[in-house]
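Everything on this sheet refers to the single structure shown next.
The values are calculated or read from the model by the stated rules, or taken from the named source; none is laboratory data. This is a predicted model, so every value here is computed, not measured. Every residue, glycine as well, gets a Cβ built from its backbone with ideal geometry; the counts of neighbours run over all protein chains shown.
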Amino acid sequence: MAEKIAQREGVDLEVFVPAATLHDLVVYPKNSIKSHLSEKQSAVVARKIFKTIKSYPRDKIEKVVKAIEEHSFSSGLPCSSEESIILHESDKLESSGAI
């Protein structure tokens, strides 16, 4: 569903799809003292993965990482790109049970 929204909005799918796919690489339980670190650590792991993929455009790695860092409404970070906004809103829809 998120990819369909991203397509309709015309965002960079080479950024959005990997960010959406990898945004929950690290997930701590909501009651964990580490839960606020999930987005940041997911972004760190995603960056490491993409640096091993030689064919992935280098200029897009940090855009993917930024979208992952900003996606969570609990992180309090403002969304700085259309990809971040769509991932943020899609994550809210998913967590509410709407998707």
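Hey, can you tell me all the residues within region 1-53 that are of a type in the set (S, T, N, Q) and more than 18 Å from Leu77 (Cα to Cα)? Gln7, Thr21, Asn31, Ser32, Thr52 - these are the residues of region 1-53 that are of a type in the set (S, T, N, Q) and more than 18 Å from Leu77 (Cα to Cα).
Taken over region 1-39, residues that are exposed (fewer than 15 other Cβ atoms within 10 Å of the Cβ), within 22 Å of Ile61 (Cβ to Cβ) and among the polar types (S, T, N, Q) amount to 2.
The single residue among Leu77, Leu93 that is among the aliphatic types (A, V, I, L, M), in a helix (DSSP H, G or I) and either over 15 Å from Thr21 (Cα atoms) or modelled with pLDDT under 90 (or both) turns out to be Leu93.
Take Ile33 and tell me if it is more than 11 Å from the chain's Cα centre (by Cα) and modelled with pLDDT of 90 or more. Criteria met by Ile33. Scanning region 60-93 for residues that are in contact with a Cys (Cβ under 7 Å, 6 or more places away or on another chain) and surrounded by 22 or more Cβ atoms within 10 Å (Cβ to Cβ) yields a total of 1.
Okay, residues lined up against (1) farther than 17 Å from Glu94 by Cβ; (2) not hydrophobic (A, V, I, L, M, F, W, C):
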{"position": "Ala2", "(1), (2)": "no, no"}
{"position": "Phe16", "(1), (2)": "no, no"}
{"position": "Ala20", "(1), (2)": "no, no"}
{"position": "Lys34", "(1), (2)": "yes, yes"}
{"position": "Leu37", "(1), (2)": "yes, no"}
{"position": "Lys40", "(1), (2)": "yes, yes"}
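Residue-by-condition table, conditions (1) touching a residue at least 60 places away in the same chain (Cβ under 8 Å); (2) among the polar types (S, T, N, Q); (3) more than 16 Å from Ile85 (Cβ to Cβ):
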{"position": "Asn31", "(1), (2), (3)": "no, yes, yes"}
{"position": "Lys40", "(1), (2), (3)": "no, no, yes"}
{"position": "Tyr56", "(1), (2), (3)": "no, no, yes"}
{"position": "Phe73", "(1), (2), (3)": "no, no, no"}
